[in-house]
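Scroll down for the structure; my scribbles are underneath it.
The values are calculated or read from the model by the stated rules, or taken from the named source; none is laboratory data. Note that the structure is a prediction, hence the values are computed from the model and not measured. Positions of Cβ are generated from backbone atoms using ideal geometry, with glycine treated the same way; all protein chains shown enter the neighbour counts. The accessibility values were calculated without ligands, DNA or RNA, using every heavy atom of the protein model including side chains. Shrake-Rupley method; radii C 1.70, N 1.55, O 1.52, S 1.80 Å.
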Amino acid sequence: MGHSIKEIAAALGAEALGAADLEVSGLAEPGRAGPGDLALAMSPKYADALTEGSARAAVISEGMDWQALGLEAAIIAPRPRFAMAGLTSALDSGPAIAAGIHPSAVIDPSAEIGPDAAIGPLVVIGPGAKVGSKARIAAQVTIAEEAVIGADALIHSGVRIGARVRIGDRVVIQPGAVIGGDGFSFVTEEVSTVEAARATLGKAEAPQAPQSWHRIHSLGAVEIGDDVEIGANTTIDRGTVANTVIGDGTKIDNQVHIGHNCRVGEDCLLCGQIGLAGSVVLGDRVVMGGQSGVSDNLTIGDDVVITGAAVVLSNVAAGRIVMGYPAVKMDTNVEMYKALRRLPRVMKTIDQLQKAVFKRPQND
Amino acid sequence: MGHSIKEIAAALGAEALGAADLEVSGLAEPGRAGPGDLALAMSPKYADALTEGSARAAVISEGMDWQALGLEAAIIAPRPRFAMAGLTSALDSGPAIAAGIHPSAVIDPSAEIGPDAAIGPLVVIGPGAKVGSKARIAAQVTIAEEAVIGADALIHSGVRIGARVRIGDRVVIQPGAVIGGDGFSFVTEEVSTVEAARATLGKAEAPQAPQSWHRIHSLGAVEIGDDVEIGANTTIDRGTVANTVIGDGTKIDNQVHIGHNCRVGEDCLLCGQIGLAGSVVLGDRVVMGGQSGVSDNLTIGDDVVITGAAVVLSNVAAGRIVMGYPAVKMDTNVEMYKALRRLPRVMKTIDQLQKAVFKRPQND
Amino acid sequence: MGHSIKEIAAALGAEALGAADLEVSGLAEPGRAGPGDLALAMSPKYADALTEGSARAAVISEGMDWQALGLEAAIIAPRPRFAMAGLTSALDSGPAIAAGIHPSAVIDPSAEIGPDAAIGPLVVIGPGAKVGSKARIAAQVTIAEEAVIGADALIHSGVRIGARVRIGDRVVIQPGAVIGGDGFSFVTEEVSTVEAARATLGKAEAPQAPQSWHRIHSLGAVEIGDDVEIGANTTIDRGTVANTVIGDGTKIDNQVHIGHNCRVGEDCLLCGQIGLAGSVVLGDRVVMGGQSGVSDNLTIGDDVVITGAAVVLSNVAAGRIVMGYPAVKMDTNVEMYKALRRLPRVMKTIDQLQKAVFKRPQND
């Protein structure tokens, strides 16, 4: 499990200093590092902590003096956060999913399992499903009829893949995610309360005759591009007629809800607990902070940033940064909020003005 | 798998025009439709797209001229969205759950499985549980002791049904939902920080002596009415003494959280990621938008609409439409928001007034 | 299953009055209680309901006259809510998990199962994992390699425990929770749109050159203290280098998301659907209302109360009660909100002042 400083530096495309043959077996914070650890000290503020721990080697930033820090070896990381990707990847041994097909797995004879795929205990794979080469499927996963899993995919325990869903190559899905549930699409025989409320912006509050909801079935599936990651217990619903689509390279955190018919672009970053209602279109490289949401049928342009907990109720043009409930341009939101913070004191000023000008107290 | 235009129109109670014996095998958007598809063109704006695709038949709205659109057959849908319910239902073949009981299922000898029920691979059914006739239970579902599943229910993969939970007829539950977890109900031996904060509206911030939380166990169960749908990874907790109840015909989306002791009425529509805290009572036909929430012990009247992301902190009378955080009547919320949008500019006006009247700048 | 009034009172450390040998087998609301139930009538308002039901015994509060209420026996509960913890605990028979190891469980030969542990059907336990004595593991749970489960823990169905996760003694985990998914930590090779937006507070909206995201792997695990409870479908991600930590006695509700590297203190109470972004530090006894959230890398002091749906965007000092989006001290939030409620009417006053002082209408 040991890696030399030289090897790690080479994997990072970074510079190795000092005893480049020194071997390390793990990463550690500077103050907790043992002699076999590579300490993460990419900021001058860690100098003291390094002396508290017993690291012999560390990753440092440009301009830091490894010898003065008492190190025997060091790796210079020009962009420390990016270096973490390479470092952690080099040292991650991955989940233990034994090679081959576990005898307890229940695999339909018509399913196709690619070469070198690993199928864990108690996995269920349905008729006509295909699992790509070198894909790893952890315990208790279900893959329904005619679903397709790409090469080198990693599907963690308890994930549910619905019928006809297509998962790209190198996709990673965390435990408990559900890809391909039915869309939440119901209709009443006559115009419903909520349709009336939307049409009149809330004016018509007259009670309606009681009606039941009828399901619009989801005949489409879900299409997940290559290099996508999907978080634990996230749910992505199938489309009504066309497929729900997640573009290549998009990363989705835990407990995200993506409604039916959504089309998410490439290289987006969707943080925890965000929700996209039905038929939302997201451009490429959209970043959404945790707990934010987008109302149904809206279009969000490329490179938009939606801050945490923002609630988007209208289309957003490419490149915008939006914030608030309802979400508006970030500087507009900040300006409104600053005014609101002043408002309680300004209310007193208005009272005084009213007295001075109208010779009477404000009566609202 | 083919259906004639005549058959489909009859299933919808709609009018068939032209070559009513023409067979179609699927639905498609007009521009993508092949010659075997029924195109969905319920708006005049789809006229051009129809010529791009190669549909021979389409569903159109009243007043559209099917012959001018180059179609051989057409179905007239007076309420297009409602027609989608019938169309998609007719063409949905449903999940592949083989008839009978899969040999890998672990079923307690005291459980009762109704006639023609289908039990998938690796399902676990506990002592005294009952599964209704023609119910379909997908792979990896667990049904705990003495739970009851109604006739014609469809329980998707990985759903967890707790002890003594009762599920009505024709209920559909999407993958990963948990029905009957323990309620989140904890109490400290002495009055806690949060009880003090509620009682004093935040005035008393004195630190408390450290205390631990003691669980109030959930002795009740969950009762789900007939024709209910429950979304993927939704959780519904059991009641403390009485049952948590979901009324007939209510539809619940993904990742919804319904706390212990809640009583949800009939034909409600609860969108994605909403949360009901403990002991909330919802009337009939309540509609809640995505990510909205209701605080504990509140009562929401019949036909209330709660807009997306609204946070309800007080009771809501029947028929109201509420919005915002905290949620208030929609027009009140809109009025407040409009005033807030103007506020940054109005602040300048107030400064000018203050200078003019008091001959001094505002000093806050 | 019967318990005498005397026994129950002794278990509660409470006073028994009247026929203390009377046996009851369950709890009930006063109006629904049968003769074998112990009615919950801890408030004088239940006097009428008691006569509608047929309870012979009840739990009442100090000062209520059990004989005038027509009871044969009563238990006096000085703090009724706390009494519920003892009452429900005494009458809860718990989930049916048969003793021993179910033959369908798939347990690696190198795993260690403690004495008197109960392992349910179709459980998967990986290499080197340890399950403590008397722990109960329900159906379909997966416990990955080298994970450790404490003594007397109760892990409900379908829970996923990741590699090297450590779970303390007496921990309860509700169905579908995922402990130890990979953290949501991605980085671009060059500075990304969102980093630029944070650095400039939204000023720089220039489009960036398209970039892909690289994963920072999670080499740490999750450490759950003793006496913790974790709700259904909650997710707790593993740390990057150090572990994500949940302190002893903390209670977590359903669908809570706790990001990588978070450190949650002891005896906290985290209600449904809250989210903690990465690297958040929570002190002891922090209480967070439903749907609230904390942005990444923030520190929340001991005894803080965060109200439902509040969005915390900055550090919070110990003992504070915060509310709103963004969250501020509760009284500040209430003051701002009251001013906002008055604002639409005050806008008219300002118009009048402007006309009176400047002899012209407001032109914004």
Loss of accessible area when A meets C, both sides summed, Å² nearest 100, probe 1.4 Å = 6100 Å²
Fraction of antiparallel bridges per DSSP, the stretch B:3-91 only, in percent to nearest 5 = 35 percent
Of the DSSP H helices in chain A, the ones reaching 20 Å or more along their long axis in Cα terms and averaging at least -0.5 in Kyte-Doolittle hydropathy are A:330-358
State the dimensionless ratio Rg/Rh of chain A (Rg: radius of gyration of Cα atoms; Rh: Kirkwood radius).
-> 1.12
Count, for each residue of B:109-122, the Cβ atoms from other chains sitting within 10 Å of its Cβ, then give me the mean as a whole number.
-> 2
Could you work out the relative contact order of chain A, using alpha carbon pairs under 8 angstrom and six or more residues apart, expressed as a whole percent?
-> 6 percent
Just for the protein assembly as shown, what percent of DSSP beta bridges are antiparallel, to the closest 5?
-> 15 percent
How much of residue C:15 can a 1.4 Å solvent probe reach, expressed as accessible area in Å² and rounded to 10?
-> 110 Å²
For residue B:27, which sequence-distant residues (separation of 5 or more, or a different chain) have an amide H within less than 5 Å of its own amide H, given hydrogens modelled in the peptide plane?
-> B:38
Taking the Cα atoms of the stretch C:101-170, report the difference between the largest and smallest coordinate on each principal axis, in whole Å and largest first.
-> 26, 21, 20
For the stretch B:225-256 versus the stretch A:1-80, the gap between their alpha-carbon centres in whole angstrom | 53 Å
Report Rg/Rh for the protein assembly as shown, rounded to two decimals, where Rg is the Cα radius of gyration and Rh the Kirkwood radius.
-> 0.98
FRET efficiency for residue B:189 and residue A:348 from the Cβ-Cβ distance with R0 = 41 Å, rounded to 0.05, comes out at 0.35
Shielding by partners, peptide C:351-358 (average Cβ within 10 angstrom, other chains) | 5
Förster radius 41 Å - calculated FRET efficiency between residue B:65 and residue A:313 (Cβ-Cβ, nearest 0.05) | 0.65
Expressed as a whole percentage, what fraction of the accessible surface of chain A belongs to carbon and sulfur atoms when a 1.4 Å probe is rolled over the protein heavy atoms?
-> 50 percent
For the stretch C:105-154 and the stretch A:83-101, write down the distance between their C-alpha centroids in whole Å.
-> 24 Å
Provide a whole-number value for the mean count of partner chain Cβ atoms within 10 Å of the Cβ atoms in peptide B:158-167.
-> 4
Could you pull out every residue, at least 5 positions away or on a different chain, whose amide H is within less than 5 Å of the one on residue C:113? Hs are placed 1.01 Å off N in the peptide plane, and Pro or chain starts have none.
-> C:131
Per 10 Å bin, what is the whole-percent P(r) computed from every C-alpha pair distance within the stretch B:3-91?
-> 20, 61, 19
Mind checking which lysines have their C-alpha under 30 Å from residue B:251, skipping anything on the same chain fewer than 8 residues away?
-> A:203, A:251, B:130, B:134, B:329, C:251
Compare B:36, B:249, B:176 in a GNM of chain B, Cα atoms joined below 10 Å, and give the one with the largest fluctuation.
-> B:36
Can you tell me the dipole magnitude for chain C around its Cα centre, using point charges on the Cβ only (Lys, Arg +1; Asp, Glu -1), in Debye to the nearest 20?
-> 1800 debye
At R0 = 60 Å the Cβ-Cβ FRET efficiency linking residue B:198 and residue B:99, nearest 0.05, sits at 0.65
What accessible area, in Å² to the nearest ten, does a 1.4 Å probe give for residue C:46?
-> 80 Å²
Where a Cα-Cα gap under 23 Å defines reach, which lysines qualify for residue A:355, not counting those fewer than 8 residues away within the same chain?
-> B:348, B:355, B:359, C:338, C:348, C:355, C:359
Considering only the stretch C:101-170, percent of DSSP beta bridges that pair antiparallel, nearest 5 = 0 percent
Pick from B:157, B:61, B:218: which residue has the top mean-square fluctuation in a GNM of chain B where Cα pairs under 10 Å get a spring?
-> B:61
Going residue by residue through the stretch A:293-305, the Karplus relation 6.51 cos²θ - 1.76 cosθ + 1.60 with θ = phi - 60° gives ³J(HN,Hα) values, rounded to whole Hz and with x marking Gly or Pro, of x, 10, 6, 5, 6, 8, 10, 10, x, 4, 6, 6, 10
With each run of n ≥ 4 DSSP H residues scored as -39500 (n - 2.57), what mean residue ellipticity at 222 nm is computed for chain C after dividing by its residue count and rounding to the nearest 500 deg cm²/dmol?
-> -5500 deg cm²/dmol
GNM on chain C, Cα springs under 10 Å; top mean-square fluctuation among C:148, C:241, C:187 goes to C:187
